[in-house]
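Since every read-out is calculated from the coordinates, none of them should be taken as a lab result. Remember, predicted model here, so these are calculated numbers, not experimental data. Every residue, glycine among them, receives a Cβ derived from its backbone with ideal geometry; neighbour counts consider all protein chains shown.
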Amino acid sequence: MSNNTQLAEMTNLAKGLAQSAQSSDAGGDGSFMKFTKFGEWVWGSEQTEVEDDALWAVHPQGFQHGWIAWGDKAHGTNGQKLGEEMVLATDPLPPKAGLPEVKGSWAQQISMQMVCLSGMDKGTKVSFNSCSMGGRGVYKKIVNAVVAQITSGASDVCPVVELTNDNYIHKEHGKIFTPVVNVDDWKSLAELNDILSDMEDDGAEAAEDASSALAQLDAESEAARAKAQAKGEAKAAKEAKAAEAKAAKAAEAAEPEAEEKPARRRRRRTA
């Protein structure tokens with residue numbers, strides 16, 4: 001890719017991201033990352049809590065915006081996801097008027113793709129989707145930071161962030177936690193892609209090691225089963241042989257007794 005082509009792509013990316021950040025009004029693929037009402041960042045189906053000092057890289061080409069539809073009590077669909085319309089941030093936000101009718105309501109949603117670079121979750125890829133004010137505010141902050149990097153001519157356009165929280169006191173609901181994403185460092189797209197490639201290689205190697213270990217375990221288990229079976233068969237044969245010897249000995253002991261009893265009876269008759 002030539003420098004001019006790369007510059008043009010980055011310029012288009014900056015324009016698209018700027019429009020996306022503007023439309024994501026903060027005032028008003030892998031696992032999923034979410035921010036809980038308790039001020040925790042968690043990811044995955046098991047709701048694994050993010051480590052305090054973990055660093056996450058945000059991929060600037062993974063920004064998306066759009067809409068999500070949720071059901072409500074009035075329609076008897078409360079809590080149900082009824083639809084989703086998402087596009088890349090470099091594309092215009094789909095007009096709300098063009099969305100299909102649902103038994104609920106549409107809300108604006110943003111999405112960011114992140115990968116963990118440190119700690120126990122290193123290599124974990126997540127998608128942070130949110131339609132909350134706090135979530136859209138985080139998106140706006142990061143997108144604007146990326147746009148500023150691109151327009152300044154910097155090659156490092158991938159923010160490396162730390163996930164934390166803030167809070168305020170609401171008159172009715174008490175303490176309310178809000179998501180906070182602080183930029184700790186920057187990396188270029190090439191650096192991020194190299195990191196992702198290395199992680200995939202490490203993952204493939206780990207999977208291969210795990211597969212080999214599993215195969216070895218299966219082989220050892222099969223050998224153990226065969227040994228146990230052979231041992232059981234040998235024990236059974238030994239017991240059978242012992243039983244035969246015992247039966248033979250009993251039979252031998254019974255023969256003299258059988259011969260002796262008739263002789264005693266004959267002697268009593270002649271007395």
Review point. In the range 118-164, how many residues are among the basic types (Lys, Arg) and over 14 Å from ALA54 (Cα atoms)?
Key: 3
Exercise for review: Looking only at the range 159-193, count how many residues are assigned to a helix (DSSP H, G or I) and of a type outside the set (A, V, I, L, M).
Suggested key: 2
Review point. Is there a residue in the range 136-155 that is part of a strand (DSSP E or B) and under 28 Å from the mean Cα position of the chain (by Cα)?
Key: no
Check your understanding: Of all residues in the range 82-127, which are charged (D, E, K, R) and not in a loop (DSSP other than H, G, I, E, B)?
Key -> GLU84, GLU85, LYS96, LYS125
Revision key, fill the gap. Pairs returned, first residue in the range 56-82 that is farther than 30 Å from ASP194 by Cβ, second residue that is part of a helix (DSSP H, G or I), beta-carbon separation under 8 angstrom, 6 or more apart or interchain, are TRP67/LYS96
Check your understanding: Which one of these does LYS81 not meet: (1) under 22 Å from TRP186 (Cα atoms); (2) under 24 Å from the mean Cα position of the chain (by Cα); (3) surrounded by fewer than 18 Cβ atoms within 10 Å (Cβ to Cβ)?
Key -> (1)
